[in-house]
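Worksheet for the structure shown next.
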Amino acid sequence: MSPEEFAERVEPHLGILHRLARRLTRSRADAEDLAQEGLLRAFERRNSLRDPKKIRSWLLALLRNLHLNRVRDERPQLVMLSGGASFAHPTADLEEEIQSRALSDEVLLALRALPEEQATALWLRAVEGLSYQEIAEVMGTPVGTVRSRLARAREAMSARLGKEVPAASGGRR
């Protein structure tokens, strides 16, 4: 695939790529770095894409795997305050994320309380509108695993929010 063809095929998916990077990293700067590195890796591996129709899930899977590798390599950093108190470096600009995605702070906090695999699956389905098959490809799991993660995520969100969470908002099964 030529560089021009690659750019043409990737361009429609830049928004979702950046949003997933932001959701995974919870930081604008880290998300930009992750997305840029993901695009660079995708460009380098563009000839390994077997089905150009699946470029979106291929890009998102590559980005997610890159993030998981980064997380495994990082160690948490603590900031020590006078008096012995400590806290982890903040990783999110919650107000900006709420405004940019139009989700309530209550929903975002409930989403962040979920295990990462459930939160990512729910985000990709409910916010980004990916099909179950596309989520399975992105997460490298069978569709049945996606279904069970989504069911558990919806149940946990419902319990935390005290109301029913919609099954999906768009996308294809």
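The values are calculated or read from the model by the stated rules, or taken from the named source; none is laboratory data. Keep in mind that what you see is a predicted model, and the values were worked out from it rather than measured. Methodologically, a virtual Cβ is constructed for each residue, glycine included, from the backbone with ideal geometry; neighbour enumeration extends over all protein chains shown.
A few remarks follow.
- Scan of segment 140-156 for residues that are closer than 16 Å to Leu111 by Cβ, within 17 Å of the chain's Cα centre (by Cα) and not charged (D, E, K, R), ordered by number: Leu150, Ala153
- So Phe6, is it modelled with pLDDT of 90 or more and more than 12 Å from the chain's Cα centre (by Cα): no
- Residues of segment 1-18 that are hydrophobic (A, V, I, L, M, F, W, C) and either in contact with a strand residue (DSSP E or B) (Cβ under 7 Å, 6 or more places away or on another chain) or assigned to a helix (DSSP H, G or I) (or both): Phe6, Ala7, Val10, Leu14, Ile16, Leu17.
- Taking segment 25-45 as the range and being outside any helix (DSSP H, G or I) and surrounded by 15 or more Cβ atoms within 10 Å (Cβ to Cβ) as the test, the residues that pass are Arg26, Ser27.
- Cross-chain or 6+ apart pairs with Cβ under 9 Å, segment 6-21 first and basic (Lys, Arg), then not in a helix (DSSP H, G or I): Arg9/Met1; Arg9/Leu49; Arg19/Glu128
- Counting only residues that are aromatic (Phe, Trp, Tyr) and either modelled with pLDDT under 90 or not assigned by TED's automatic domain parsing to the domain that holds Glu11 (or both), segment 29-47 holds 0 of them.
- In this structure, Arg50 qualifies as modelled with pLDDT under 90 and in a loop (DSSP other than H, G, I, E, B).
- Within segment 112-135, restricting attention to residues that are of a type in the set (A, V, I, L, M, F, W, C) and either surrounded by 22 or more Cβ atoms within 10 Å (Cβ to Cβ) or in the same structural domain as Leu17 (by TED's automatic domain parsing) (or both), the residue that is nearest to Ala156 (Cα to Cα) is Leu122.
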